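A.B. asks: I am attaching a structure below and will ask some questions about it afterwards.
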Amino acid sequence: MTAMTPHHWFCTLFDRNYLFKGVALYRSLEQWSREFTLVILCMDDVAYDTLAKLALPHARLVRLQEFEDPELLRAKATRSMIEYYWTCTPSLPLFVLDRIPEAQSVTYLDADLFFYGNPQALLAEMATASIMIHEHRFPPQLAEQAQYTGIYNVAWVTFRRDDNGLACASRWREQCIEWCYYRHEDGRMGDQKYLDTWTRDFAGVHVLRHKGGGLAPWNVEQYRIERRGDGAVYVDDDPLIFYHFHGLRLFVNGTVFMTNSSYPLREEDRRLLYAPYIEALWRVRDDVQRVVPEFTHGLEQPEAKSAKEELLASRAPRARGIARLRRPLGRIKRWLVGG
């Protein structure tokens, strides 16, 4: 390990239902960087045991029982499952910094991210800052969403092991233990709207400028997405580093729901962003099922709609997020748009 190739510490959390996505995240990091460790908080034993069988060389697995403390357990009794996962989010970077002395900084990642480039490009922009966050970057027609979901997105948050970084992470943990619910109340929403005040309340907060970080269904339409001669995908003039596949759902019949119909996807978005990720997910599924043949967690069953649901669907804008991946694996044979 040299100064030219710093070792990066990342962390994420997921249960059995997000395992395919979490492993795809890991493999995308592995494709672009060998000098990293992804600390994975396994939210159930099925996730831990399955990941242990995969033996991911750059992953460090943590059982939930090893992670939970009395304050988290008290909060757990008042939260839904997703609310508790959000409650745990700020505690995870602190856990890494407390348990791993060599980690001078740590970046929390949502499990449904996927990397298309080296994250060093984003970490280099942070320079000597103590904390790095990124905006939702809503286009004008969606700008009002920020008042509900927050200015910033939790999918990537970096903390340095210094006074500012530790103070910010500790305060965030305190806030989420006190209140972290799936509703908008008194200027709060889950774990996310707390970030709105960080640039005011803490020194050393850097807001990511690189357009290749934080690309997501809610903002992709305002950028030019193209593959250039060097083979890389670009977001305007910045190389794509990661995409946040919020809302993507997998079905047992090979169908993929890509995103909410409120977020229009163009042909180049589906081809350059979604197709590689969908292929990666199915490869992960096949690899997981080789070690645990009965593993189908995270694959949903298509549900027949009631007559009322069909009527409502007929009045809604046409869906833009359905794709079917046909064999052979690795080739998208047909995109089904509009269901």
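A.B. asks: Residues with amide H under 5 Å of PHE115's amide H, sequence separation 5 or more or different chain, H placed in the peptide plane at 1.01 Å from N; which?
C.D. replies: SER28, LEU29
A.B. asks: Anyone know which of PRO93, PRO276, PRO57 comes out most mobile in the 10 Å Cα GNM of the chain?
C.D. replies: Judging by the Gaussian network model, the answer is PRO57.
A.B. asks: Calculate one ³J(HN,Hα) per residue across the range 66-73 by plugging θ = phi - 60° into the Karplus curve 6.51 cos²θ - 1.76 cosθ + 1.60, and present them in order as whole Hz with x for glycine and proline.
C.D. replies: Those phi angles translate into 6, 8, 5, 10, x, 5, 5, 5 Hz.
A.B. asks: What GluC sites (Glu not before Pro) does the range 87-167 have in DSSP loop regions with at most 11 other beta carbons within 10 Å? All intermediate terms of the calculation are to be shown ahead of the outcome.
C.D. replies: Details: sites: GLU102, GLU125, GLU135, GLU144; in loops: GLU102.
Those satisfying the criteria are GLU102.
A.B. asks: Here's another thing I want to ask about it. What is the antiparallel percent of DSSP beta bridges lying wholly in the chain, to the nearest 5?
C.D. replies: Rounded to the nearest five, the antiparallel share is 55 percent.
A.B. asks: Okay, moving on. So, in Å, what gap is there between the alpha-carbon centers of the range 43-68 and the range 167-236?
C.D. replies: The distance from the Cα centre of the range 43-68 to that of the range 167-236 comes to 26 Å.
A.B. asks: Something else: For the range 1-52, what is the relative contact order in percent, using Cα pairs closer than 8 Å and at least 6 residues apart in sequence? Can you show the working numbers first?
C.D. replies: Numbers: 48 pairs, mean separation 26.9, N = 52.
Worked out over the range 1-52, it gives 52 percent.
A.B. asks: Around ARG188, which amide H atoms from residues at least 5 apart in sequence, or from another chain, sit under 5 Å from its own amide H, with H modelled in the peptide plane?
C.D. replies: Long-range HN contacts for ARG188: none found.
A.B. asks: Sticking with this one: Apply the Karplus parameterisation 6.51 cos²θ - 1.76 cosθ + 1.60, with θ equal to phi minus 60°, to every residue of the range 144-160 and state each ³J(HN,Hα) to the nearest whole Hz, in sequence, with x for glycine and proline.
C.D. replies: 5, 4, 4, 5, 9, 9, x, 6, 10, 10, 7, 4, 9, 9, 10, 10, 8
A.B. asks: Just how many pairs of Lys in the chain have C-alpha atoms closer than 26 Å, counting pairs that are eight or more places apart or on different chains? Display every interim value, and only then the final one.
C.D. replies: Working: LYS21/LYS53; LYS21/LYS76; LYS21/LYS193; LYS21/LYS211; LYS21/LYS333; LYS76/LYS193; LYS193/LYS211.
For the chain, the number of qualifying lysine pairs is 7.
A.B. asks: With each label point set 7 Å from Cα along the Cα-Cβ vector, what nm distance links LEU56 and HIS7?
C.D. replies: Result: 1.8 nm between the two label points.
A.B. asks: Another question about this same structure. Using 0.36 nm times the number of residues separating ASP236 and ALA124, minus their current alpha carbon distance, what extension gain do you get? Before the final figure, lay out the partial values.
C.D. replies: On the way: separation 112, 0.36 × 112 = 40.32 nm, distance 1.97 nm.
Extra length from ASP236 to ALA124 when fully extended: 38.4 nm.
A.B. asks: Let me ask something additional. Kindly put ARG224, ARG266 in sequence by how many other C-beta atoms sit within 10 Å of each C-beta, fewest to most. Kindly include the intermediate steps, with their values, before the conclusion.
C.D. replies: Working: ARG224 10, ARG266 13.
Ascending Cβ contact count within 10 Å gives the list ARG224, ARG266.
A.B. asks: Still on this structure, please answer the following. Have a look at the range 18-99 and give its Rg and Dmax from the Cα atoms, expressed in angstrom.
C.D. replies: Cα only, the range 18-99: 13.5, 40 Å (Rg, Dmax).
A.B. asks: Could you list which residues have their amide H under 5 Å from that of VAL39, counting only those 5 or more apart in sequence or on another chain, with H placed in the peptide plane?
C.D. replies: PHE10, CYS11, THR12, ARG60
A.B. asks: In what order do ILE225, ILE100 fall by count of nearby beta-carbon atoms within 10 Å, going from fewest to most?
C.D. replies: Numbers: ILE225 19, ILE100 16.
Ranking ILE225, ILE100 by Cβ neighbours within 10 Å, fewest first, gives ILE100, ILE225.
A.B. asks: Return a whole-number percent for the relative contact order of the range 1-130, with Cα pairs under 8 Å and 6 or more residues apart as the contact set.
C.D. replies: Contact order relative to length: 36 percent.
A.B. asks: Let me ask another. What is the list of residues in the range 139-176 whose amide nitrogen lies under 13 Å from a point 7 angstrom out from the Cα of SER262, following Cα to Cβ?
C.D. replies: Residues 139, 141-150 fall inside that zone.
A.B. asks: Report, as a whole number in µm² per second, the diffusion coefficient that Stokes-Einstein gives for the range 183-250 at 10 °C and 1.306 mPa s using the Kirkwood radius over alpha carbon pairs. Could you put the intermediate results ahead of the total?
C.D. replies: On the way: Rh = 14.6 Å.
Roughly 109 µm²/s, to the nearest whole number.
A.B. asks: With the contact rule set at Cα under 8 Å and sequence spacing of 6 or more, what percent relative contact order holds for the chain? Mind dumping the intermediate values first?
C.D. replies: Working: 594 pairs, mean separation 57.2, N = 339.
The value is 17 percent.
A.B. asks: Now a separate question. Step by step: find N for the chain, compute 2.2 N^0.38 Å, then divide the Cα radius of gyration by it. What's the final number?
C.D. replies: On the way: Rg = 19.7 Å, N = 339, 2.2 N^0.38 = 20.1 Å.
Against the empirical 2.2 N^0.38 Å value, I get 0.98 for the chain.
A.B. asks: Go ahead and set up a Gaussian network model of the chain, Cα springs under 10 Å, then flag whichever of GLU226, GLU294, GLU267 fluctuates most.
C.D. replies: Fluctuation is largest for GLU294.
A.B. asks: How much FRET efficiency would the formula 1/(1 + (r/R0)^6) give for TRP179 and ARG74, where r is the Cβ-Cβ distance and R0 is 22 Å, rounded to 0.05? If you can, show how the numbers build up before the last one.
C.D. replies: On the way: r = 13 Å, r/R0 = 0.59.
The value I calculate is 0.95.
A.B. asks: So, R0 is 22 Å and r is the distance between the beta-carbons of ARG290 and PHE251; what FRET efficiency does that work out to, to 0.05?
C.D. replies: Working: r = 21 Å, r/R0 = 0.95.
Approximately 0.60, to the nearest 0.05.
A.B. asks: A follow-up question, please. Taking θ as phi - 60°, what are the ³J(HN,Hα) couplings along the range 247-257 by the Karplus curve (6.51, -1.76, 1.60), each to the nearest whole Hz, with x for Gly and Pro?
C.D. replies: Going residue by residue, I get x, 6, 10, 10, 10, 5, 8, x, 7, 10, 8 Hz, with x marking Gly and Pro.
Bear in mind that the values in this text are calculations on the coordinates, not laboratory data. Not measured: the values here are computed from a predicted model. No Cβ is skipped: glycine too gets one built from the backbone with ideal geometry, and neighbour counts run over all protein chains shown.
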